[in-house]
1. Looking at Val48 and the list (1) modelled with pLDDT of 75 or more; (2) under 20 Å from the mean Cα position of the chain (by Cα); (3) open to solvent by 90 Å² or more (accessible area, probe 1.4 Å), which single condition is not satisfied?
2. Within region 79-118, can you find the residues that are aromatic (Phe, Trp, Tyr) and at pLDDT below 85?
3. Quick one: is Ala32 touching a Gly at 6+ places or on another chain (Cβ under 8 Å), modelled with pLDDT under 70 and surrounded by 10 or more Cβ atoms within 10 Å (Cβ to Cβ)?
4. Just one of the numbered conditions (1) surrounded by 14 or more Cβ atoms within 10 Å (Cβ to Cβ); (2) assigned to a helix (DSSP H, G or I); (3) at pLDDT 75 or above is not true of Ala76; which one?
5. Hey, can you tell me all the residues within region 59-73 that are of a type in the set (Ser, Thr, Tyr) and surrounded by 16 or more Cβ atoms within 10 Å (Cβ to Cβ)?
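The values are calculated or read from the model by the stated rules, or taken from the named source; none is laboratory data. Quantities reported herein were computed from a predicted structural model and do not represent experimental measurements. Cβ sites come from the backbone with ideal geometry, for glycine too, and all protein chains shown count toward neighbours. Side chains included, ligands, DNA and RNA excluded: accessible areas come from the protein's heavy atoms. Shrake-Rupley method; radii C 1.70, N 1.55, O 1.52, S 1.80 Å.
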Amino acid sequence: MTKQVATMRPLIEKDAEHLKGAGRLIDGTAFAGDSSGAYNTSTHFCLVLSALIGILVSGPTTGMQFYMATLQHSGALNSVCQPGVQTCDEQLSVLQGLFMFSLVLMSSSGMPVGYLYD
């Protein structure tokens, strides 16, 4: 046991020297922060990028089923219907295809950011 303590003593002293200038918490203990070195500027950038993509892409996409009928009745993408007809089954199919494409885009856009983040 004393051999292990002797081996660790230089590391403990080095850490104690490092913590002398560290900020203090309310109870007086030194705040060491993240000492692993795992998180750097690119990690924080990827986190912010991931959050922005999640907010921009997933919000309208996941809620699309709630306003799909409103889009159909307003005549969105009704160019596939017969002339003079505002809504039709083909229009609903195109809107559902747009929804599926949006889901694929949302899923695939998250993969590169997740890869960079991990």
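1. (3)
2. Tyr115, Tyr117
3. For Ala32, the condition - touching a Gly at 6+ places or on another chain (Cβ under 8 Å), modelled with pLDDT under 70 and surrounded by 10 or more Cβ atoms within 10 Å (Cβ to Cβ) - is not met.
4. So Ala76 meets the others, but not (2).
5. Within region 59-73, Thr61 is the sole residue that qualifies.
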